[in-house]
Amino acid sequence: MEMTLRWYGSRFDTVTLEQIRQIPGVRSVITTLYDVPVGEAWKREQIRALKDEVEAAGLSIAGIESVNVHDDIKVGTGRRDEYIDNYIESLENLGKEDIHMVCYNFMPVFDWTRTELARKRADGSTVLAYTQKAVDAIVPEKMFDSIKGEMNGTVMPGWEPERMEHVKELFEMYRDVDEERLFDNLKYFLERIMPVCNKYDIRMAIHPDDPAWSVFGLPRIIINKENILRMMKMVDDPHNGVTFCSGSYGTNLQNDLPDMIRSLKGRIHFAHVRNLSFISKEPGSLDFEEAAHLSSDGTFDMYEIMKALYDIGFDGPIRPDHGRMIWGEKAMPGYGLYDRALGAAYLNGLWEAICKSHSK
Ligand SMILES: [Mn+2]
């Protein structure tokens, strides 16, 4: 595996490439063209400029997170082919620049949903958190307003203000889209992009829906083993793969994370590994927060997750995921330097121990 850190670009991220370069074991980043509007084609010069900047800092680009999919593609409107053509152009240009892994998601309206971005824990750190009661009490259109004050002045992926201004229209667009339609539209999209993925060996890695169930009546399909295996089968090409995100699949306690990993052998192209701490596991009063990566700080056995990745021969990019905000840092919630660096060091430690204990 290749340990990486997500980086939003020098104009958007509080963390610098120089800082990332000093995290032991991290030699590459997962990045994006954060300011290209969803649906527009990525130009080769823009990709090359980004690559040059990363390489000048002594790092490389291990993949893209994300090339976002336009809502017209997810909904399957008459304009979807136009947007898919643009997506293909972006993939082609990434391939020409020797970038071979692309993370994306197929979530309607909201990329991910948390009800607090800065819940204070006993040690004084702050974390992202979710409570079912808060979600049940809120009108979806007001979701953005309820959390925007906690974004530390950053723009969070999937919650861009200009997008959230149109949230009512977005809900309207998805009115007739149920899970089956969403599966059909995903299949259509994948079938159209697979030729360019094959030509340039681009591994597509779909990110799970977070949380892994339907919220606000919107359909959600990338949520469990059954659905993800259905997706692999419906477009059976090794380039059609997944981002295994333990923190997203893990929101649903029915998901057996190591078992899911083992069932996806050869199709996990990217891994997000983080822990969650469940305060309440009761569906009606579900409450979880994004703990430190360490097994003992949360609900998941991180050793078992890393071991499952090792067992299937995973050799793609991996990254620590949302970190706590610690040591007075001010950054995009979940994306500070310190706790993610601790996460990377911890996951590297687990990996080294697993490798050495199995090579004897
Ligand atoms: Mn993730």
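The values are calculated or read from the model by the stated rules, or taken from the named source; none is laboratory data. Quick caveat: nothing in here was measured; it's all calculated off a predicted structure. Here the Cβ is made from the backbone with ideal geometry for all residues, glycine too, and neighbour counts use every protein chain on show.
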Exercise for review: Sort through Gly9, Gly58 and tell me the only one that's under 17 Å from the mean Cα position of the chain (by Cα) and either in a helix (DSSP H, G or I) or over 18 Å from Ala205 (Cα atoms) (or both).
Suggested key: Gly9
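Filtering the range 266-287 down to residues that are surrounded by 13 or more Cβ atoms within 10 Å (Cβ to Cβ) and over 30 Å from Lys233 (Cβ atoms), which residue is farthest from the ligand (Cβ to nearest atom)? If you could, list the steps in order and put the result at the bottom.
We begin by selecting, within the range 266-287, every residue surrounded by 13 or more Cβ atoms within 10 Å (Cβ to Cβ); these are 267-280, 286-287.
Narrowing the set further to residues that are over 30 Å from Lys233 (Cβ atoms) leaves 275, 277-280, 286-287.
Details: Asn275: 12, Ser277: 17, Phe278: 18, Ile279: 21, Ser280: 22, Leu286: 19, Asp287: 20 Å.
The extreme case among them is Ser280.
Is one or more of the residues making up the range 187-203 within 16 Å of the ligand (Cβ to nearest atom) and among the aliphatic types (A, V, I, L, M)? Before the answer, list the steps.
Pass one, the range 187-203, residues within 16 Å of the ligand (Cβ to nearest atom): none.
No, because not a single residue in the range 187-203 is within 16 Å of the ligand (Cβ to nearest atom) and among the aliphatic types (A, V, I, L, M).
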Review point. Given Gly316, Gly323, which one is at pLDDT below 95 and either closer than 23 Å to Ile206 by Cα or more than 17 Å from the chain's Cα centre (by Cα) (or both)?
Key: Gly323
Point to revise | Qualifying positions in the range 160-203 - touching a helix residue (DSSP H, G or I) at 6+ places or on another chain (Cβ under 7 Å), surrounded by fewer than 16 Cβ atoms within 10 Å (Cβ to Cβ) and closer than 15 Å to Ile73 by Cα | key: Lys187
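Can you give me the number of residues within the range 307-331 that are farther than 12 Å from Thr126 by Cα and within 16 Å of the ligand (Cβ to nearest atom)?
From the range 307-331, those farther than 12 Å from Thr126 by Cα are 307-321; that's our starting set.
Adding the requirement that they be within 16 Å of the ligand (Cβ to nearest atom) leaves 309, 314, 316-321.
Of the residues in that region, 8 qualify.
Condition check ((1) over 29 Å from His166 (Cβ atoms); (2) among the aliphatic types (A, V, I, L, M); (3) out of contact with any helix residue (DSSP H, G or I) (no Cβ under 7 Å at 6 or more places or on another chain)) across all residues:
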residue: Lys51; (1), (2), (3): yes, no, yes
residue: Val54; (1), (2), (3): yes, yes, no
residue: Ala62; (1), (2), (3): yes, yes, yes
residue: Glu65; (1), (2), (3): no, no, yes
residue: Ile73; (1), (2), (3): no, yes, no
residue: Gly76; (1), (2), (3): no, no, no
residue: Ser90; (1), (2), (3): no, no, yes
residue: Glu97; (1), (2), (3): yes, no, no
residue: Met101; (1), (2), (3): yes, yes, yes
Review point. For the range 119-146, how many residues meet the condition of being over 20 Å from Ser66 (Cβ atoms), of a type in the set (A, V, I, L, M) and touching a Lys or Arg at 6+ places or on another chain (Cβ under 9 Å)?
Key: 2
Practice item. Please verify whether the range 81-93 includes one or more residues that are touching a residue at least 40 places away in the same chain (Cβ under 8 Å), among the hydrophobic types (A, V, I, L, M, F, W, C), surrounded by fewer than 20 Cβ atoms within 10 Å (Cβ to Cβ) and more than 21 Å from Gly241 (Cβ to Cβ). Key: no
Exercise for review: Just one of (1) among the polar types (S, T, N, Q); (2) in contact with a helix residue (DSSP H, G or I) (Cβ under 9 Å, 6 or more places away or on another chain); (3) surrounded by 15 or more Cβ atoms within 10 Å (Cβ to Cβ) trips up Thr14, so point out which.
Suggested key: (2)
Point to revise | Cross-chain or 6+ apart pairs with Cβ under 7 Å, the range 101-120 first and of a type in the set (S, T, N, Q), then in a loop (DSSP other than H, G, I, E, B) | key: Asn105/Ser66; Asn105/Asp111; Thr113/Pro211; Thr113/Val215
Check your understanding: Among Val135, Val139, Val69, Val102, which is buried (at least 16 other Cβ atoms within 10 Å of the Cβ), over 24 Å from Arg11 (Cβ atoms) and β-branched (Val, Ile, Thr)?
Key -> Val135
Check your understanding: So which residues in the range 226-247 are surrounded by 18 or more Cβ atoms within 10 Å (Cβ to Cβ) and either within 16 Å of the ligand (Cβ to nearest atom) or of a type in the set (D, E, K, R) (or both)?
Key -> Ile228, Gly241, Val242, Thr243, Phe244, Cys245, Ser246, Gly247
Practice item. Could you identify the single residue in Pro258, Pro157, Pro219 that is surrounded by 15 or more Cβ atoms within 10 Å (Cβ to Cβ), within 16 Å of the ligand (Cβ to nearest atom) and touching a residue at least 40 places away in the same chain (Cβ under 8 Å)? Key: Pro157
